[in-house]
Amino acid sequence: MPKVLGSLATHREQVRTRVFDALRAQLYDRGFDAVTLSGVAAAAGVGRSALYNHFPDRQALLVAFVEHEAERYVAGLDAATAGASGAREKLAVFARMQLRRLAEFHLPPGQALAGALDPAAYRRIAAHADPIGDRLVAILREGARAGSMVDDDPAVLAAVVTAALSSRRVVDVAPDRLDAAVETAVAAVLRAVSTVAHD
């Protein structure tokens, strides 16, 4: 059993970090369907019994991981858009980050994920999309107020933009084509909501 350094809370956080790092790599390499608790425990260098103390099953592990990643992602999104000038640049930053995240993770999309999890677990995961969607709506409202984006229902526009940025076909390309694919998609999203033509 590993020696507990510092407080119990610090030790628990170190274990969670190692487990989430291992899970992240396995999601990237194999997808959620191939993830097992024993495989994650082995990759993280954590005993299976210790892992079960933190996460009783695969669903609990995935929910905790998504909650952790969502908090990190929203903090990064806020920092990135804070440095952007105007709604158009903020939307470009938002779109790039969404597409890059999509390229990095291999969770089942939408209804496939709903089928892989029990309803309560799926609702917890789905709830983490709300802060991201709220930020997109705020960007679209800012653009409409500035006159640079169409003044349509921002919730509907956000749903359309989100759908466009959720298509795996955009990012399922050879690594050397990913940058170009992302920029093509970002430009298309900007054109879709802009009131004026841009190069």
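State all residues of segment 17-28 that are open to solvent by 40 Å² or more (accessible area, probe 1.4 Å) and touching a Phe, Trp or Tyr at 6+ places or on another chain (Cβ under 9 Å); if no residue qualifies, say none. Let's see the steps before the verdict.
So in segment 17-28, the residues open to solvent by 40 Å² or more (accessible area, probe 1.4 Å) come out as 17-18, 21, 24-25, 28.
Within segment 17-28, ARG24, TYR28 qualify.
Residues in segment 74-83 that are assigned to a loop (DSSP other than H, G, I, E, B) and buried (at least 20 other Cβ atoms within 10 Å of the Cβ): 0 in all.
Every condition in (1) over 18 Å from the mean Cα position of the chain (by Cα); (2) at pLDDT 90 or above; (3) open to solvent by 10 Å² or more (accessible area, probe 1.4 Å); (4) of a type outside the set (S, T, N, Q) holds for LEU5 except the one numbered (2).
Given the options GLY31, GLY86, GLY47, name the one that is open to solvent by less than 70 Å² (accessible area, probe 1.4 Å), modelled with pLDDT of 85 or more and on the phi > 0 side of the Ramachandran plot. Result of the check over GLY31, GLY86, GLY47: GLY86.
May I ask you to verify whether GLU71 is open to solvent by 50 Å² or more (accessible area, probe 1.4 Å) and closer than 25 Å to VAL193 by Cα? Write out each step before concluding.
Details: open to solvent by 50 Å² or more (accessible area, probe 1.4 Å): yes; closer than 25 Å to VAL193 by Cα: no.
No, not satisfied.
Taking the criterion of being among the acidic types (Asp, Glu) and closer than 30 Å to LEU140 by Cα, would at least one residue in segment 76-93 satisfy it? Yes; the residues of segment 76-93 include at least one that is among the acidic types (Asp, Glu) and closer than 30 Å to LEU140 by Cα.
Residues in segment 89-131 that are open to solvent by 50 Å² or more (accessible area, probe 1.4 Å), modelled with pLDDT of 70 or more and outside any helix (DSSP H, G or I): ASP118 only. Residues in segment 56-67 that are crowded, with 17+ Cβ neighbours inside 10 Å and modelled with pLDDT of 85 or more were compared, and the one that is nearest to THR36 (Cα to Cα) is ARG58. The set of residues in segment 153-199 being open to solvent by 90 Å² or more (accessible area, probe 1.4 Å) and farther than 19 Å from VAL93 by Cβ consists of ARG169, ASP172, PRO175, ASP176, ARG177, ALA197.
The values are calculated or read from the model by the stated rules, or taken from the named source; none is laboratory data. The structure presented is a predicted model; accordingly, all values stated were derived computationally and were not measured. Neighbour counts are summed over all protein chains in view; Cβ atoms, including those assigned to glycine, are modelled from backbone coordinates with ideal geometry. Keep in mind that these areas ignore ligands, DNA and RNA; they rest on the heavy atoms of the full protein, side chains included. Shrake-Rupley method; radii C 1.70, N 1.55, O 1.52, S 1.80 Å.
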